[in-house]
Number of protein chains: 2
Amino acid sequence: MTTERDVTSEPAGRKSNIEKEKTEVSFLYLSEEDMVDAGVLNAARCVDVMEETIGLMEDGDFIMGGPYNDAHGLMLYFPKKSPIENFPINNSRDRRFIAMPAYLGGRFHVAGEKWYGSNGDNRRKGLPRSILMVMLNDVETGKPLAYMSGNLLSSMRTGAMPGMAAKLLAVKNAKVLTLLGCGVVNKACLMSIMTVRPEIETIKIKGSSPTSKTALNMKSYIEKSYPRVKNVIICATMEEAVRDADIVSEAISCMAGQWPEVKREWMKPGLLYISSSTFNMDYKSIVDLKKVIDNYGMYENYAEEDELGYDEAGNRLHTGCMGEDFVYMVEDGLIERDSITQIGQIIRGKKPGRESDDEIILVSMEGMPIEDVAWAYECYTYALVHDIGTRLKVWDKPRAF
Amino acid sequence: MTTERDVTSEPAGRKSNIEKEKTEVSFLYLSEEDMVDAGVLNAARCVDVMEETIGLMEDGDFIMGGPYNDAHGLMLYFPKKSPIENFPINNSRDRRFIAMPAYLGGRFHVAGEKWYGSNGDNRRKGLPRSILMVMLNDVETGKPLAYMSGNLLSSMRTGAMPGMAAKLLAVKNAKVLTLLGCGVVNKACLMSIMTVRPEIETIKIKGSSPTSKTALNMKSYIEKSYPRVKNVIICATMEEAVRDADIVSEAISCMAGQWPEVKREWMKPGLLYISSSTFNMDYKSIVDLKKVIDNYGMYENYAEEDELGYDEAGNRLHTGCMGEDFVYMVEDGLIERDSITQIGQIIRGKKPGRESDDEIILVSMEGMPIEDVAWAYECYTYALVHDIGTRLKVWDKPRAF
């Protein structure tokens, strides 16, 4: 229901405006199937949208949560045990809920949020480990614009960030891609990386074991989807997997503290090593390598929350997170803050990307709510244009309370 | 779609379970009208549910965000100005987005979240200042259970907290109720308070001015809805409004720093003064009064974020928030921490409530996500039983990615 206020009917003395009052509030609902129809699996497009998003982030044209504009999200933590009967406890590998709100500027100019719960126990029930929903809101009024299934969205934007890193930083003639970890995240990384380096002809896979179901599934998927790839090799060790790679995409799922170690000597000149989940390399061995991250402030927050110290021999403990390790290296004076580049600085031409084909580059990608908002907006607008989804009304006009 | 895994068909050596795999995920959508049908405006019920909720909070049977289990929510802050063209700025009285996740135990055993945007400019567009949506999720799997319009929900649970305070702490024969502030919050407070003290026969109203539209609307609403109330008086001053009241419900909307002052000498013996929005009383004048709050940790967080100090004369600045002022009074040694009671301690019989009919009691109510989750759950279950709302599918089974 709309009502128009005409200037001539305004009471004298009252400041008037001709703006139509649109009191109706409705939003578009997109199921998982709707999201697929709306293009959520378009890896190449997602890589471009991520590049656009991180450029806007570098411009400061965004808002994330908290007074310092940099919160990854707000988490519900589950205790390991509780005296309260039936209290939900964290007895599986991953158990949490997270709310991840953000505003993204530029052509997006939209607010939104990803909200999800994770439970490692879900797989036993035939459900994904996390079940995610994403909302978009009018940044002016707060009106909900869209409510959508977020599983595929989240996986795709997570994979598109390494895809973007590869687009900007991998050697142009990259031939060998290694996937450390064969889960959903690395499948999305594979999809994105292959759109930017289609010349890749060898893919090496490292799963939890050489006969793991996910490793075999990944091999089948690659053979079916990328016939140009001549060699698909399941590796028995991390060393075998990392050696000779031009690009490594790491997305390993493991218990905290059990992060597999990677050694400097395995790394070929020109390697682009992208870490999305775990990292474990000797600090001194990586001092001289180029370091690129998505958002330094985010890793500073993690470092502050975790407050990891030193072992008995006086060695700094590892965090399992590449970007967070970088923060500790800066704190310990091993490297300068300035030696770390935010990938947005490369996008905006403020700092150089790859400077030679021999350079080894480490990239840490962690995930931010602005990426969810961006990819959601893209799918939402596609859905609007192509009449996908279900429109639902909140109210015709708000109830006079 | 469900699949059953029968023990006898499990491969040998694999740990099996007979649990049905329910892979379908769907949720119930409730529009504002659906929420009314589902009982969201049932003030008496809401008061009882709030009492139940705060009892569970006292038991520790809840989770709120962050590592200390006490985050009100995660906010997107808008700057007052920006060099970026079209950047959303905070040039109105209220501009923010907040995500407020929580888990609530007991019979609820559900996770959820309120997510909303506010803009003081909305009224000009015929929209409420805030547009809120609430989600409920299965705490075990993260599955969305419900997505609902949250405006009425939020107002009702906000009003039900003072209603609960009045139920527990007002003098039994309360006759005079004062409403400081005539907006949506105090209307909800009025509705709740009248369910627990139906003997009230005089209601005094203080709006932004004696002829303000909201004050006149409140008067009409009371005369129409509560015929037992003999006197409805619009007051010109705070003093006139507060004097002789048995219960004061404060829910004033004003600019920071312009909080109207209330003086101790206006307060009748036996007064229950409940503050939901603003507070401004001389610290020394309230040292001896009983102080009750909802959640001390929440006010400690506010105090830490705001870091208010002292004026040039060495007097502690005011925060505008009763509970936060209490924290500063403890810090300054004016009162002991132990002199402040959490209302859950009264519910659980750990500390006394009203100890005499002469006692003046100050109550600070701020609002927590567990209240939204509780009232949402109540409306959701009512809707399930009475077949209200729209069921929407996320997926039949999650897409194999």
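The values are calculated or read from the model by the stated rules, or taken from the named source; none is laboratory data. Just so we're clear, the structure is a prediction, and the values are computed from it rather than from any experiment. Heads up, the Cβs are rebuilt from the backbone with ideal geometry, glycines too, and the neighbour counts pull from every protein chain shown. Surface accessibility is based on the protein's heavy atoms, side chains included, excluding ligands, DNA and RNA. Shrake-Rupley method; radii C 1.70, N 1.55, O 1.52, S 1.80 Å.
Summary of computed values
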read-out	value
Pick from segment B:293-323, criterion within 21 Å of B:Gln345 (Cα to Cα) and of a type in the set (Gly, Ala, Ser), ranking: surrounded by the most Cβ atoms within 10 Å (Cβ to Cβ)	B:Gly323
Restricting segment B:210-227 to residues that are modelled with pLDDT of 95 or more and among the basic types (Lys, Arg), the residue that is nearest to B:Pro198 (Cα to Cα)	B:Lys224
In segment A:371-381, the residues that are more than 16 Å from the chain's Cα centre (by Cα) and open to solvent by less than 30 Å² (accessible area, probe 1.4 Å)	A:Cys379, A:Tyr380
Residue that is surrounded by the fewest Cβ atoms within 10 Å (Cβ to Cβ) [pool: residues in segment B:330-345 that are assigned to a helix (DSSP H, G or I) and within 20 Å of the chain's Cα centre (by Cα)]	B:Gln345
Verdict on B:Val363 being touching a Phe, Trp or Tyr at 6+ places or on another chain (Cβ under 9 Å), modelled with pLDDT of 95 or more, hydrophobic (A, V, I, L, M, F, W, C) and farther than 19 Å from A:Met133 by Cα	yes
Where B:Val327 falls short, out of the listed (1) in a helix (DSSP H, G or I); (2) in contact with an Asp or Glu (Cβ under 8 Å, 6 or more places away or on another chain); (3) open to solvent by 30 Å² or more (accessible area, probe 1.4 Å)	(3)
Among (1) modelled with pLDDT of 95 or more; (2) within 30 Å of B:Arg95 (Cβ to Cβ); (3) open to solvent by 70 Å² or more (accessible area, probe 1.4 Å), the one test that A:Arg14 misses	(1)
Residue match in segment A:249-258 (condition: in contact with a His (Cβ under 8 Å, 6 or more places away or on another chain), hydrophobic (A, V, I, L, M, F, W, C) and in contact (Cβ under 8 Å) with a residue 40 or more places away in the chain)	no
Residue identified as out of contact with any helix residue (DSSP H, G or I) (no Cβ under 8 Å at 6 or more places or on another chain), open to solvent by 20 Å² or more (accessible area, probe 1.4 Å) and small (Gly, Ala, Ser) among B:Gly117, B:Gly126	B:Gly126
Which listed residue is at pLDDT 95 or above, of a type in the set (Asp, Glu) and part of a helix (DSSP H, G or I), from A:Glu300, A:Glu304, A:Glu371	A:Glu371
Evaluation of B:Leu384 against (1) surrounded by fewer than 17 Cβ atoms within 10 Å (Cβ to Cβ); (2) part of a loop (DSSP other than H, G, I, E, B); (3) away from chain A (no Cβ under 14 Å) (one fails), failing number	(2)
Failed item in (1) over 24 Å from B:Val25 (Cβ atoms); (2) in contact with a Pro (Cβ under 6 Å, 6 or more places away or on another chain), with B:Pro398 passing the rest	(1)
B:Leu168 vs. criteria within 29 Å of B:Trp115 (Cα to Cα) and in contact with a helix residue (DSSP H, G or I) (Cβ under 7 Å, 6 or more places away or on another chain)	no
First in segment B:79-93 and of a type in the set (D, E, K, R), second anywhere and surrounded by 15 or more Cβ atoms within 10 Å (Cβ to Cβ), Cβ under 6 Å, 6 or more apart	B:Lys80/B:Asn90; B:Arg93/B:Gly120
Of residues in segment B:128-140 being touching an Asp or Glu at 6+ places or on another chain (Cβ under 8 Å) and part of a loop (DSSP other than H, G, I, E, B), the one nearest to the other protein chains (Cβ to nearest Cβ)	B:Glu140
Candidates B:Val110, B:Val139, filtered to the one that is among the β-branched types (Val, Ile, Thr) and touching a His at 6+ places or on another chain (Cβ under 8 Å)	B:Val139
Verdict on A:Pro269 being open to solvent by 40 Å² or more (accessible area, probe 1.4 Å) and either more than 25 Å from the chain's Cα centre (by Cα) or of a type in the set (Lys, Arg) (or both)	yes
Subset of segment A:43-68 (residues that are free of Cβ contacts under 8 Å to residues at least 60 places away in the same chain and either more than 15 Å from A:Glu371 (Cα to Cα) or of a type in the set (Lys, Arg) (or both))	A:Gly66, A:Pro67
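Condition check ((1) of a type in the set (S, T, N, Q); (2) within 20 Å of A:Phe401 (Cβ to Cβ)) across all residues:
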site	(1), (2)
B:Asp94	no, yes
B:Gly106	no, no
B:Ser130	yes, yes
B:Ser149	yes, yes
B:Arg157	no, yes
B:Ala165	no, no
